[in-house]
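Note sheet for the following structure.
The values are calculated or read from the model by the stated rules, or taken from the named source; none is laboratory data. Not measured: the values here are computed from a predicted model. So basically every Cβ, Gly included, is an ideal-geometry build from the backbone, and we count neighbours across all protein chains shown.
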C-alpha cells in the first residue's frame with residue numbers, strides 16, 4: 001500500500017520542541033521545519049518557525065544559539081523590531097553551515113525577545129549532517 005500522507009512526502013528529521021510555558025506563543029509543528037533537512041555542510045540552513053501569538057507583542061529580536069559538546073559556539077541576534085498582533089506568525093532564520101565541521105550533534109535554541117529582554121518563546125531542535 002502506498003502512503004500518500006504529507007508525512008511521507010516531506011522530510012522532517014529535525015524535531016522542534018517549544019520549551020517555554022506558552023504564555024505568549026504556541027508553536028505550530030506543521031509550519032516549523034528546517035530546510036534543507038537534514039542540513040548539509042557548506043550550505044545555508046533555514047530554520048522556519050510558525051505558530052500563534054496569543055497576545056499582541058513587540059518582538060525586538062530573535063536570538064539563535066548553537067551548542068556543540070555543551071559549549072556555545074554560535075550566538076546571534078536577528079533584529080526584528082516590530083509589533084505583532086495576536087494570531088498566526090512565521091519567520092525564517094538563516095544559518096550558514098561551514099564546509100568543514102565536526103560530525104556530531106548540533107543543539108539549536110531559538111528565542112524571541114521583547115524590548116525589555118523578556119523571552120516570548122523558546123524553541124529547541126538538534127541535527128546531524130547528512
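Do we have residue 80 as under 14 Å from the mean Cα position of the chain (by Cα), surrounded by 12 or more Cβ atoms within 10 Å (Cβ to Cβ) and either at negative phi or part of a strand (DSSP E or B) (or both) here?
Against the criterion (under 14 Å from the mean Cα position of the chain (by Cα), surrounded by 12 or more Cβ atoms within 10 Å (Cβ to Cβ) and either at negative phi or part of a strand (DSSP E or B) (or both)), residue 80 does not qualify.
For residue 42, are the conditions met, namely being more than 16 Å from residue 125 (Cβ to Cβ) and modelled with pLDDT of 95 or more? Write out each step before concluding.
Values: more than 16 Å from residue 125 (Cβ to Cβ): yes; modelled with pLDDT of 95 or more: no.
No; evaluated as a whole, the condition is false for this residue.
Only one entry of 90, 109 meets the criterion of being touching a strand residue (DSSP E or B) at 6+ places or on another chain (Cβ under 8 Å), modelled with pLDDT of 95 or more and surrounded by fewer than 15 Cβ atoms within 10 Å (Cβ to Cβ), and that entry is 90.
Hey, could you check region 37-60 for residues that are in a loop (DSSP other than H, G, I, E, B) and touching a residue at least 60 places away in the same chain (Cβ under 8 Å) and say which is surrounded by the most Cβ atoms within 10 Å (Cβ to Cβ)? Residue satisfying both the conditions and the ranking: 39. Just wondering, is there one or more residues in region 74-86 that are within 20 Å of residue 19 (Cα to Cα) and in contact (Cβ under 8 Å) with a residue 40 or more places away in the chain? Checking region 74-86: not a single residue is within 20 Å of residue 19 (Cα to Cα) and in contact (Cβ under 8 Å) with a residue 40 or more places away in the chain. Within region 61-73, not a single residue is touching a strand residue (DSSP E or B) at 6+ places or on another chain (Cβ under 6 Å), under 12 Å from residue 112 (Cβ atoms) and loosely packed, with under 15 Cβ neighbours inside 10 Å.
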